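The values are calculated or read from the model by the stated rules, or taken from the named source; none is laboratory data. Note that this is a predicted model, so its numbers are computed, not measured. So basically every Cβ, Gly included, is an ideal-geometry build from the backbone, and we count neighbours across all protein chains shown. These accessible areas exclude ligands, DNA and RNA; they are computed on the full protein's heavy atoms, side chains included. Shrake-Rupley method; radii C 1.70, N 1.55, O 1.52, S 1.80 Å.
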Amino acid sequence: MTSQQVIVTEDLTKTYSANDVPVYALRGINLTIAAGEFTAIVGPSGSGKTTFLNIISGLDQPTEGKVWLSKELISNMNGRQLSDFRRDNIGFIFQAYNLIPVLTVGENIEYIMLLQGIPKIERHQRVVDILEVVGLAGYIDRKPPQLSGGQQQRVAIARAMVSQPTIILADEPTANLDSKTGSELLEMMYQLNKKTGMTFVFSTHDQAVMDRAQRLITLKDGLIDSDNMQE
Amino acid sequence: MWWILVKLAWRNLFRNTRRTFIAGTAIGIGLAALIFVDALWIGMEENMIKIATSSFLGGGQIHQEGFRKTQEIERTINQHHQVMSNLKQEEIVARFTPRTFAFGMITSPAHVIAAALVGVDPVTEKYLSHVDEMITEGTYFEGDNERNIVIGSKMAEVLEVEIGDRVVATVSQAKTGDLAQEMFRVSGIFHFHNHEMNRGMAFMRLGKSQQILGLKDDIHQIAIKFTDVKYGQNKLLPFWRKYSKYGNEAVSWTEILPELETIFEWTNISKVLLGFVFFIIVVFGIINTLFMSLYERMFEFGVLRAVGTRPSRMAQLILFEAGSLGVLSIGIGIILGIITTYICSKTGIDYTGIEVAGVTIQELIYPVMVIDQFIFYPFWVLVFTTITGLYPAWYAARMSPAKAMRRAG
């Protein structure tokens, strides 16, 4: 694994059991993603996109195979180690935003920094700064239900980026948004990728995301069907 | 960090306000019921002790050893002048009165009845018993006629006598065992809320009773009224040992009327059982509420775990939610408890006429609020709600973030 490689998987296999019938979600994925890539993983429903994302982020364990993230072998970590690893290295963006509705925008963004033990003054400054970046300055005390879908996803992006992780994993981030808002957010993430050098990995069905992606990996029946760099 | 979890827990509690208030009110009502029942029992205990000790018994008594068991007339208090002299010096003794006590027969022209004949000093007896207050006909030893006798209402009915009628008392004399008879005139008829006393007790002047029993100036019993009723309940009071000498025994009312104390002990057991039932309800209420809340927010828990919240922190969050529900329930319970107990402590609860362990309740029961009720029970509600949260907390801590999000999705 070179210093440029942030994600490396080796013979990644995941098998579920549905009514005692084995379901092969991943059938031995070997993949390397370099630092700073803007990668989209695509494929039909059931192809293994979300499972792949869950395993490379340490949310789920592979049945077989290994995963290295930022040079750390995460497939052998226990629950607590994985929690700490995710906290310090991975930012998540979900399809349904998944902000905590009882916390304000500021508190939602601040939460992960609290986990990291960042001092209060720095936390506040970072919240203000990141809200400025995502175009939500002045929304710090709003509650998520008071925001539109696009605004909530901006907060989710801010939350994912505020801890300055190595990788941002985004599971269908534009699926719940209208095309205009989706395009705006995609453009924002693209610019952040360019500006910060963070690695973005998307799971998506959105053609706009596929078009924007620097690299397009297609999964089919738990296997890599194609892996293309794009202009 | 814990502060954000507390904040999160408290706010989560009010996401479904109706459910939270239903659960909180249910637990609160249970807590209020515990507070009220405790207050009611304190009021009832005080009432029953007051009735038991002030009607006739006193807070304690002194006899010769063995008298309570054998009731032998010869067993008079040893050195009773010295004992009474000492009692006058006791700060905790408000009043005391000497008595003789013998079983005999009372005969009227119509009938004969067995009776406990009690010789009393009418002046000091007034402070120890309520016989004078329970006179329904005639008077309580007015004047200085030594042949006056005060009998119970049922006895008067059986003997078919009225005020001014003559009756003859027959007793066995001390030492000789000879039978002695004396004629008395019924001067007063009393009525207690106690059938045994009304049928089987008769009071005569102390001097006359000593004479017919052949006791000279000896007495069988000294009944004592303490400055505080609690002294009578305290079996470890040094007073009892101090006066259990010269062959005499000093005993508290709890030994004379052990059935009443047994009732109080059972009361405490029933309070524990009531508390246990209540806490079982709390357990199910809390578990139900927390799990409903947990399943509703499965995705959120998945997200919290995904962004790096450790399993132990997830458990803390759930425990804080359980604790918050406990705090809310305690608030509701204390308010309801104060309102209901306060109202009843002013209006009283009517249990008059009900007999418990030989003591007939004669007055309204007034629940008594004490600070312990608002510390002890709420403390245990908080402890139980938090302990109850352990299972949902353990469940949340073990939850796989991927499964949580998959299940929610």
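Among the residues of segment B:1-34, those that are assigned to a helix (DSSP H, G or I) and within 11 Å of chain A (Cβ to nearest Cβ) comprise B:Trp2, B:Trp3, B:Ile4, B:Leu5, B:Lys7, B:Leu8, B:Ala9, B:Trp10, B:Arg11, B:Asn12, B:Leu13. Sub-7 Å Cβ pairs linking a first residue in segment B:107-121 that is in the same structural domain as B:His220 (by TED's automatic domain parsing) and open to solvent by 50 Å² or more (accessible area, probe 1.4 Å) to a second residue that is in a strand (DSSP E or B) and among the charged types (D, E, K, R), at least 6 apart or interchain, number zero.
Among the residues of segment B:107-146, those that are within 17 Å of B:Thr53 (Cα to Cα) and not acidic (Asp, Glu) comprise B:Val118, B:Val120, B:Thr124, B:Lys126, B:Tyr127, B:Leu128, B:Ser129, B:His130, B:Val131, B:Met134. The residue list B:Glu363, B:Glu355 contains one member that is outside the structural domain of B:Asn198 (by TED's automatic domain parsing), more than 18 Å from B:Leu294 (Cα to Cα) and in contact with a Lys or Arg (Cβ under 9 Å, 6 or more places away or on another chain), which is B:Glu363.
Checking B:Leu364, B:Leu319 one by one, the residue that is hydrophobic (A, V, I, L, M, F, W, C), in contact (Cβ under 8 Å) with a residue 24 or more places away in the chain and in contact with a Gly (Cβ under 9 Å, 6 or more places away or on another chain) is B:Leu319 and no other.
Total residues in segment B:306-319 satisfying the condition of being open to solvent by 10 Å² or more (accessible area, probe 1.4 Å), part of a helix (DSSP H, G or I) and within 11 Å of chain A (Cβ to nearest Cβ): the figure is 3.
Applying the selection to segment A:63-81, what residues are on the phi < 0 side of the Ramachandran plot, more than 9 Å from chain B (Cβ to nearest Cβ) and open to solvent by 10 Å² or more (accessible area, probe 1.4 Å)? Don't jump to the end; show me each part of the working.
Of segment A:63-81, the ones on the phi < 0 side of the Ramachandran plot are A:63-64, A:66-69, A:72-81.
Applying the additional criterion that residues be more than 9 Å from chain B (Cβ to nearest Cβ) yields A:63-64, A:66-69, A:72-78, A:81.
A:Thr63, A:Glu64, A:Lys66, A:Trp68, A:Glu72, A:Leu73, A:Ser75, A:Asn76, A:Met77, A:Asn78, A:Gln81 - these are the residues of segment A:63-81 that are on the phi < 0 side of the Ramachandran plot, more than 9 Å from chain B (Cβ to nearest Cβ) and open to solvent by 10 Å² or more (accessible area, probe 1.4 Å).
The sole residue among A:Glu110, A:Glu184 that is open to solvent by 60 Å² or more (accessible area, probe 1.4 Å) and either touching a helix residue (DSSP H, G or I) at 6+ places or on another chain (Cβ under 6 Å) or in a helix (DSSP H, G or I) (or both) is A:Glu184.
Could you check, for segment B:320-327, whether at least one of its residues is open to solvent by less than 50 Å² (accessible area, probe 1.4 Å) and within 14 Å of chain A (Cβ to nearest Cβ)?
yes
Please work out which one of (1) among the small types (Gly, Ala, Ser); (2) open to solvent by 30 Å² or more (accessible area, probe 1.4 Å); (3) more than 14 Å from chain A (Cβ to nearest Cβ) is the condition B:Ser400 fails and give its number. Status for B:Ser400: all satisfied but (3). A:Asn30 meets the conditions (1) buried (at least 16 other Cβ atoms within 10 Å of the Cβ); (2) more than 17 Å from A:Thr199 (Cα to Cα) in every case but one. The failed one is (1).
Would you check which residues across segment A:118-136 are open to solvent by less than 10 Å² (accessible area, probe 1.4 Å) and part of a helix (DSSP H, G or I) and list them? Quick ask: steps written out before the conclusion?
First, the residues of segment A:118-136 that are open to solvent by less than 10 Å² (accessible area, probe 1.4 Å): A:127, A:131, A:134, A:136.
Those that are open to solvent by less than 10 Å² (accessible area, probe 1.4 Å) and part of a helix (DSSP H, G or I): A:Val127, A:Leu131.
Test B:Met44 against the stated conditions and say whether it is part of a helix (DSSP H, G or I) and buried (at least 21 other Cβ atoms within 10 Å of the Cβ). Before the answer, list the steps.
On the way: part of a helix (DSSP H, G or I): yes; buried (at least 21 other Cβ atoms within 10 Å of the Cβ): yes.
The answer is yes for B:Met44.
Tell me yes or no: at least one residue of segment A:137-151 is within 14 Å of chain B (Cβ to nearest Cβ), within 15 Å of B:Val303 (Cβ to Cβ) and outside any loop (DSSP other than H, G, I, E, B). The answer is yes, given that some residue of segment A:137-151 is within 14 Å of chain B (Cβ to nearest Cβ), within 15 Å of B:Val303 (Cβ to Cβ) and outside any loop (DSSP other than H, G, I, E, B). Residues of segment A:92-107 that are within 7 Å of chain B (Cβ to nearest Cβ) and open to solvent by less than 10 Å² (accessible area, probe 1.4 Å): A:Ile100, A:Leu103.
Looking at B:Thr289, B:Thr347, B:Thr340, B:Thr385, just one residue is open to solvent by less than 10 Å² (accessible area, probe 1.4 Å) and out of contact with any strand residue (DSSP E or B) (no Cβ under 6 Å at 6 or more places or on another chain), and that residue is B:Thr385.
Here's the yes/no breakdown for (1) open to solvent by less than 50 Å² (accessible area, probe 1.4 Å); (2) at pLDDT 95 or above; (3) farther than 24 Å from B:Phe184 by Cα; (4) not assigned by TED's automatic domain parsing to the domain that holds B:Phe203:
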| residue | (1), (2), (3), (4) |
| --- | --- |
| B:Arg68 | no, no, yes, no |
| B:Val83 | yes, no, yes, no |
| B:Phe101 | yes, no, no, no |
| B:Ser129 | yes, no, no, no |
| B:Ile135 | yes, no, no, no |
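Report yes if B:Glu249 is touching a strand residue (DSSP E or B) at 6+ places or on another chain (Cβ under 7 Å), under 21 Å from B:Leu57 (Cα atoms), acidic (Asp, Glu) and open to solvent by 10 Å² or more (accessible area, probe 1.4 Å), otherwise no. Spelling it out, B:Glu249 is indeed touching a strand residue (DSSP E or B) at 6+ places or on another chain (Cβ under 7 Å), under 21 Å from B:Leu57 (Cα atoms), acidic (Asp, Glu) and open to solvent by 10 Å² or more (accessible area, probe 1.4 Å). Test B:Ala32 against the stated conditions and say whether it is out of contact with any strand residue (DSSP E or B) (no Cβ under 7 Å at 6 or more places or on another chain) and of a type in the set (A, V, I, L, M, F, W, C). Yes, satisfied.
Of these, B:Leu13, B:Leu57, which one is farther than 30 Å from B:Ile281 by Cβ, in contact with a Leu (Cβ under 7 Å, 6 or more places away or on another chain), open to solvent by less than 60 Å² (accessible area, probe 1.4 Å) and modelled with pLDDT under 90? Write out each step before concluding.
Details: B:Leu13 fails: farther than 30 Å from B:Ile281 by Cβ.
Checking each option against the conditions leaves just B:Leu57.
Of the set (1) over 18 Å from B:Ile280 (Cβ atoms); (2) away from chain A (no Cβ under 14 Å); (3) crowded, with 18+ Cβ neighbours inside 10 Å, all apply to B:Met405 but (2).
Can you tell me which residues in segment B:332-369 are of a type in the set (Val, Ile, Thr), over 14 Å from B:Ala32 (Cβ atoms) and in a helix (DSSP H, G or I)? Please lay out each step first, then the result.
Filtering segment B:332-369 down to residues of a type in the set (Val, Ile, Thr) leaves B:332, B:334-335, B:338-341, B:343, B:347, B:349, B:352, B:354, B:356, B:359-361, B:365, B:368.
So of that shortlist, the ones also over 14 Å from B:Ala32 (Cβ atoms) come out as B:347, B:349, B:352, B:354, B:356, B:359-361, B:365, B:368.
Within segment B:332-369, just B:Thr347 meets the criteria.
Condition check: modelled with pLDDT of 90 or more, farther than 19 Å from A:Ile157 by Cα and open to solvent by less than 10 Å² (accessible area, probe 1.4 Å). Does A:Ile55 satisfy that? Judged against the criteria, A:Ile55 is a match. B:Thr53 falls short of the stated requirement of being more than 30 Å from the chain's Cα centre (by Cα) and among the hydroxyl-bearing types (Ser, Thr, Tyr). Could you tell me whether B:Ile49 is buried (at least 23 other Cβ atoms within 10 Å of the Cβ) and at pLDDT 90 or above? No: the conditions fail for B:Ile49.
So is A:Asp178 over 23 Å from A:Leu59 (Cα atoms), open to solvent by 60 Å² or more (accessible area, probe 1.4 Å) and modelled with pLDDT of 90 or more or not? Steps first, please.
Values: over 23 Å from A:Leu59 (Cα atoms): yes; open to solvent by 60 Å² or more (accessible area, probe 1.4 Å): yes; modelled with pLDDT of 90 or more: no.
Answer is no for this residue.
Per this entry, B:Gly302 is not counted among residues that are open to solvent by 10 Å² or more (accessible area, probe 1.4 Å) and either outside any loop (DSSP other than H, G, I, E, B) or closer than 30 Å to B:Glu45 by Cβ (or both).
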